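See below for the structure under consideration.
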Amino acid sequence: MSIFEYNGSAVVAMVGKNCFAIASDRRLGVQLQTVATDFQRVFKIHDKLYIGLSGLATDAQTLYQRLVFRHKLYQLREERDMKPQTFASLVSALLYEKRFGPYFCQPVIAGLGEDNEPFICTMDCIGAKELAKDFVVSGTASESLYGACESMYKPNMEPEELFETISQALQSSVDRDCLSGWGGFVLLVTPTEVKECVIKGRMD
Amino acid sequence: MECVIGVVGRDFAVVAADTSAVQSILVHKTDEDKVMVLDSHKLMGASGEPGDRVQFTEFIQKNLHLYQFRNNIPLSTAATANFTRGELATALRKNPYYVNVLLAGYDSDVGASLYYIDYIATFHKIEKGAFGYGSYFCLSLMDKLYRPDMSVEEAVDLVDKCIKEIRLRLVVAPQNFIIKIVDKEGAREYARRAYTDSPPEAATSEAATVAA
């Protein structure tokens, strides 16, 4: 069994019209045993930039702490927040630094850049960026997430519809995956507001 | 085999563990205390490689003391948990400590709390948790019977039910257990559960109450 599947996870991000949404499941497991159902995999970097870290939970936490540290240093030096593209390069560099002993995480980065242009991207565990215009997925439920997103996604959705779409895509995907699910966490970011939501799901 | 259990109640936390020191098929002793009192208001229940367990829990304990001497203020439970995780995480990619930790503590501002930290440094704040072979029985039992507003007696009763289930169903069940609690009065030993000669009650009347 792969170390990426040790804790179980599902992370997805989608782009709408001047907005984006990022969602994850809430399970923390140790292989087939569920330890907790309120685990957080999506983290805030600043008001318009979020990162979801699928894969090994301990590395997700370590990586998040290092990223927050680096972003704070950047804020002090530059007196501004990082652009999503810049941040993606930072994550990529941090991951590639550990090329031969990697963090076992697959990040999903989502943010609003200049002129509130949405940006989403994913990476493998050694920092190879993969940019997308529509949606990105990662985690043990990634195969089913691809299927769900592929059939549910439409370009230029308004925030309300985007929220519904990403929630349904996440929910239907994790129900086909034994290692993720147990509720979901959805973040909807528009230029003016951020909506955080815990969604209920099957608890089996 | 090793069992560590933790529960948070209304304004206290309970940590229980077996007291067997086992190596391969041999039981060396049955009064090994695996729940360390870190400072006046913190408990650390640990399982794993015996050498690592003793070394690591002592290391955390002494560092807490050092912090308290230097700053005249104890580290909060959350801070201790994060420190513990940090140590395990840095060790993880050098030479890892094989120790799983349940950290319980009481702070005057946030009340009682319990943290799950495993040997690969996965960190999570929980209400109830368990490590080892015992966890296969205890987690389901606690899911069924746990309530966040439990009194000390109710929580210890829940732990007793877990111990009973372990003794009944686990082939390699340890003989004795220790139960410690932490609340605003401090961290202390609450009780020990020694194995009595009569075999654990078969799953008849008790199982019916659990099911109901």
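The values are calculated or read from the model by the stated rules, or taken from the named source; none is laboratory data. Treat the numbers as computed from the prediction; the structure is a model and nothing was measured. Because the Cβ atoms are built from the backbone with ideal geometry, glycine has one as well, and the counts that use them run over all protein chains shown. Only protein heavy atoms, including side chains, enter the accessible area calculation; ligands, DNA and RNA are left aside. Shrake-Rupley method; radii C 1.70, N 1.55, O 1.52, S 1.80 Å.
Scanning segment A:45-71 for residues that are away from chain B (no Cβ under 13 Å) and charged (D, E, K, R), we see that the one that is nearest to A:Glu97 (Cα to Cα) is A:Arg70. For segment A:135-146, a residue qualifies if it is within 16 Å of A:Thr165 (Cα to Cα) and in contact with a Lys or Arg (Cβ under 9 Å, 6 or more places away or on another chain), and exactly one does: A:Ser144. Pairs are defined by a Cβ separation below 7 Å, a sequence spacing of at least 6 or placement on different chains, a first member in segment A:146-170 that is among the polar types (S, T, N, Q), and a second member that is at pLDDT 95 or above and part of a helix (DSSP H, G or I); the pairs so defined are A:Thr165/A:Met152; A:Gln168/A:Met152. Criterion applied to A:Cys121, A:Cys125, A:Cys105 was being within 17 Å of the chain's Cα centre (by Cα) and under 19 Å from A:Val186 (Cα atoms), and the one residue passing it is A:Cys121. Whenever a residue of segment A:25-44 is at the interface with another protein chain (Cβ under 9 Å from one of its Cβ atoms) and under 18 Å from A:Phe4 (Cβ atoms), its partners that are at pLDDT 95 or above and open to solvent by 30 Å² or more (accessible area, probe 1.4 Å), lying with C-beta atoms within less than 6 angstrom and at least six residues away or across chains, give the pairs A:Phe39/A:Arg26.
Please go through segment B:1-40 and pick out each residue that is part of a strand (DSSP E or B) and out of contact with any strand residue (DSSP E or B) (no Cβ under 6 Å at 6 or more places or on another chain). B:Val22, B:Gln23, B:Leu26, B:Val27, B:Asp39, listed by residue number.
Inside segment A:86-123, can you point out the residues that are open to solvent by 10 Å² or more (accessible area, probe 1.4 Å) and in contact with a strand residue (DSSP E or B) (Cβ under 7 Å, 6 or more places away or on another chain)? Step through it out loud before you land on a result.
Quick first cut of segment A:86-123, residues open to solvent by 10 Å² or more (accessible area, probe 1.4 Å) only: A:86, A:89-90, A:92-93, A:96-104, A:106, A:113-119.
Within segment A:86-123, A:Ser92, A:Phe104, A:Gln106, A:Gly113, A:Pro118, A:Phe119 qualify.
Of all residues in segment A:149-204 being basic (Lys, Arg) and either over 21 Å from A:Lys133 (Cβ atoms) or outside any loop (DSSP other than H, G, I, E, B) (or both), which is least open to solvent (accessible area, probe 1.4 Å)? Reasoning before the result, please.
Of all residues in segment A:149-204, those basic (Lys, Arg) come to A:154, A:176, A:195, A:200, A:202.
Add one more test, that the residue is either over 21 Å from A:Lys133 (Cβ atoms) or outside any loop (DSSP other than H, G, I, E, B) (or both), and what stays is A:176, A:195, A:200, A:202.
Details: A:Arg176: 207, A:Lys195: 89, A:Lys200: 190, A:Arg202: 141 Å².
That would be A:Lys195.
Give segment B:142-158 a look and list any residue that's within 14 Å of chain A (Cβ to nearest Cβ) and either in contact with a strand residue (DSSP E or B) (Cβ under 7 Å, 6 or more places away or on another chain) or open to solvent by less than 70 Å² (accessible area, probe 1.4 Å) (or both), or say none. Show your work before the answer.
Taking segment B:142-158 and keeping what is within 14 Å of chain A (Cβ to nearest Cβ), we get B:142-144, B:146, B:148.
Once the filter is applied, which keeps residues that are within 14 Å of chain A (Cβ to nearest Cβ) and either in contact with a strand residue (DSSP E or B) (Cβ under 7 Å, 6 or more places away or on another chain) or open to solvent by less than 70 Å² (accessible area, probe 1.4 Å) (or both), segment B:142-158 yields B:Met142, B:Tyr146.
Scanning segment B:66-85 for residues that are surrounded by fewer than 22 Cβ atoms within 10 Å (Cβ to Cβ) and within 30 Å of B:Val22 (Cβ to Cβ) returns a single hit, B:Phe83. Contact annotation: residue pairs with Cβ atoms under 8 Å, 6 or more positions apart or on different chains, pairing a residue in segment A:184-203 that is within 15 Å of A:Ser167 (Cβ to Cβ) with a partner that is open to solvent by less than 60 Å² (accessible area, probe 1.4 Å) and among the basic types (Lys, Arg), are A:Gly184/A:Arg26; A:Phe185/A:Arg26; A:Phe185/A:Arg41; A:Val198/A:Arg26.
Of all the residues in segment A:124-148, those that are surrounded by fewer than 21 Cβ atoms within 10 Å (Cβ to Cβ) and among the β-branched types (Val, Ile, Thr) number 1. Filtering B:Tyr119, B:Tyr97 for residues that are in contact with a Pro (Cβ under 9 Å, 6 or more places away or on another chain), more than 22 Å from B:Lys184 (Cα to Cα) and of a type in the set (Ser, Thr, Tyr) leaves a single hit, B:Tyr119. Cβ-Cβ distances below 7 Å connect the following pairs, each with a first residue in segment B:39-56 that is touching a residue at least 24 places away in the same chain (Cβ under 8 Å) and over 17 Å from B:Met1 (Cα atoms), a second residue that is part of a strand (DSSP E or B) and charged (D, E, K, R), and a separation of six or more residues or different chains: B:Leu43/B:Lys180.
Scoring A:Ala132 on the criteria (1) in contact with a Leu (Cβ under 9 Å, 6 or more places away or on another chain); (2) of a type in the set (A, V, I, L, M); (3) more than 27 Å from A:Thr34 (Cβ to Cβ) leaves a single failure, condition (1).
Go through B:Leu158, B:Leu168 for me and flag whichever is assigned to a helix (DSSP H, G or I), of a type outside the set (Lys, Arg), under 30 Å from B:Ile25 (Cβ atoms) and modelled with pLDDT of 90 or more.
Details: B:Leu158 fails: under 30 Å from B:Ile25 (Cβ atoms).
Sole residue among the options that is assigned to a helix (DSSP H, G or I), of a type outside the set (Lys, Arg), under 30 Å from B:Ile25 (Cβ atoms) and modelled with pLDDT of 90 or more: B:Leu168.
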